[in-house]
Amino acid sequence: MFTPPAAYTLVATDLDGTLLRSDDTVSPRSRAALTRAAAAGAQHLIVTGRAVPGIRSLLADLGYDGLAVCGQGAQVYDAGSARMLSSVTLDRDLADAALGKIEAEVGQVFAAVDQDGPEGRTLIEPGYRMPHPSLPAQRAGRRAELWAAPVIKVLIRHPGLTDDELAAAARGAVGDLASVTMAGPGTVELAPYGVDKGTGVSLAAGLLGRDLAGAVSFGDMPNDLPMFRRSGHRVAMAGAHPELRAEADEITLSNEEDGVAVVLERLFA
């Protein structure tokens with residue numbers, strides 16, 4: 001049975017489907033709950049699959065000046081100083097080979113990449129459709145152009161398979177060439193092998209001097225599992241993927257219903 005710590009010192013939140021509403025905003029209630037947690041001594045840590053360029057405007061809107069784990073754990077970014085503290089890239093030859101192995105199993109897939117660095121671009125090959133239309137992306141003429149600069153991850157889509165089917169097939173095909181995760185609807189991703197939200201959260205917690213046993217984490221998709229497994233208390237959003245719900249300590253309301261705030265208001269009452 002879960003025994004809560006005397007005090008939570010870290011609040012780790014996913015963004016899409018968790019802290020963010022469908023319009024990419026954070027509700028006033030959620031902002032107030034995070035402020036209450038901070039007043040009690042808990043550090044807020046954003047943990048997202050988005051790369052740094054895709055969240056900087058959001059961080060500014062929130063007035064967020066702490067650390068952010070981005071790119072499925074590949075990046076740790078200091079929002080206060082606008083500095084990248086850590087970044088792990090995916091070898092481009094291995095990434096290209098991994099795509100070849102996946103296509104040998106399931107037929108043609110369509111790919112995109114997130115480039116390394118605070119100014120990195122998202123490039124999409126012909127046929128790839130962005131699952132999150134509000135995120136900026138640039139079209140490449142052909143796949144070879146995806147590898148023009150260092151990348152932190154590859155995003156793939158299949159015209160017929162479900163996300164779960166594609167993720168399972170990709171995992172079986174690539175072996176130790178890359179880590180495979182499913183981050184949301186239409187979002188199966190390849191990251192550097194051994195890199196995930198769990199490794200990113202551990203690095204960030206160490207930099208902050210916080211013990212993950214005193215962390216409460218919030219998520220909705222399988223890419224949040226590595227973070228869950230290192231956190232003291234795990235909260236899945238309503239409608240979360242079954243794999244995440246199975247490992248959660250509790251289920252809260254949806255992101256549209258301020259599910260994060262509901263839990264924080266109770267924990268930091």
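The values are calculated or read from the model by the stated rules, or taken from the named source; none is laboratory data. These figures come from a predicted structure and were not determined experimentally. Glycine also receives a Cβ, built like all others from the backbone with ideal geometry; neighbour counts cover every protein chain displayed. Keep in mind that these areas ignore ligands, DNA and RNA; they rest on the heavy atoms of the full protein, side chains included. Shrake-Rupley method; radii C 1.70, N 1.55, O 1.52, S 1.80 Å.
Within region 204-221, count every residue that is surrounded by fewer than 22 Cβ atoms within 10 Å (Cβ to Cβ) and either outside any loop (DSSP other than H, G, I, E, B) or without any contact (Cβ under 8 Å) to a residue 12 or more places away in the chain (or both). Show your work before the answer.
Applying the first criterion (surrounded by fewer than 22 Cβ atoms within 10 Å (Cβ to Cβ)) to region 204-221 yields 206-214.
Keeping just the survivors that are either outside any loop (DSSP other than H, G, I, E, B) or without any contact (Cβ under 8 Å) to a residue 12 or more places away in the chain (or both) gives 206-209, 212-214.
Number of matching residues: 7.
The set of residues in region 214-240 being at pLDDT below 95 and under 21 Å from residue 33 (Cα atoms) is empty. No other residue among 63, 71 is at pLDDT 95 or above and at positive phi apart from 71. Taking the criterion of being among the aromatic types (Phe, Trp, Tyr) and surrounded by fewer than 23 Cβ atoms within 10 Å (Cβ to Cβ), the only residue of region 75-111 that qualifies is 110.
Flag set for residue 149, criterion: open to solvent by less than 40 Å² (accessible area, probe 1.4 Å), part of a loop (DSSP other than H, G, I, E, B) and at pLDDT 95 or above. Contact map, region 75-94: residues that are more than 15 Å from residue 50 (Cα to Cα) paired with residues that are among the hydroxyl-bearing types (Ser, Thr, Tyr), Cβ distance under 7 Å, separation 6+ or inter-chain. Pairs shown: 85/77.
Of the set (1) at pLDDT below 95; (2) open to solvent by 60 Å² or more (accessible area, probe 1.4 Å), all apply to residue 54 but (2).
I'm trying to understand the selection: among the residues of region 91-124, which are part of a strand (DSSP E or B), in contact with a helix residue (DSSP H, G or I) (Cβ under 7 Å, 6 or more places away or on another chain) and under 16 Å from residue 188 (Cβ atoms)? Passing the criteria: 111, 113, 114.
Residues of region 112-143 being under 29 Å from residue 81 (Cα atoms), open to solvent by less than 70 Å² (accessible area, probe 1.4 Å) and charged (D, E, K, R), which ones? Those that are under 29 Å from residue 81 (Cα atoms), open to solvent by less than 70 Å² (accessible area, probe 1.4 Å) and charged (D, E, K, R): 114, 116. Of all the criteria given as (1) of a type outside the set (Val, Ile, Thr); (2) in a helix (DSSP H, G or I); (3) in contact (Cβ under 8 Å) with a residue 12 or more places away in the chain, the one not satisfied by residue 127 is (2). Scanning region 4-23 for residues that are surrounded by 15 or more Cβ atoms within 10 Å (Cβ to Cβ), touching a residue at least 60 places away in the same chain (Cβ under 8 Å) and of a type outside the set (S, T, N, Q) returns 8, 10, 11, 12, 14, 16, 17, 19, 20, 21. If the condition is being at pLDDT 95 or above and either at positive phi or in a helix (DSSP H, G or I) (or both), then region 24-38 contributes 28, 29, 30, 31, 32, 33, 34, 35, 36, 37, 38. Each residue in region 228-269 was checked for being among the aromatic types (Phe, Trp, Tyr) and assigned to a helix (DSSP H, G or I), and 1 pass.
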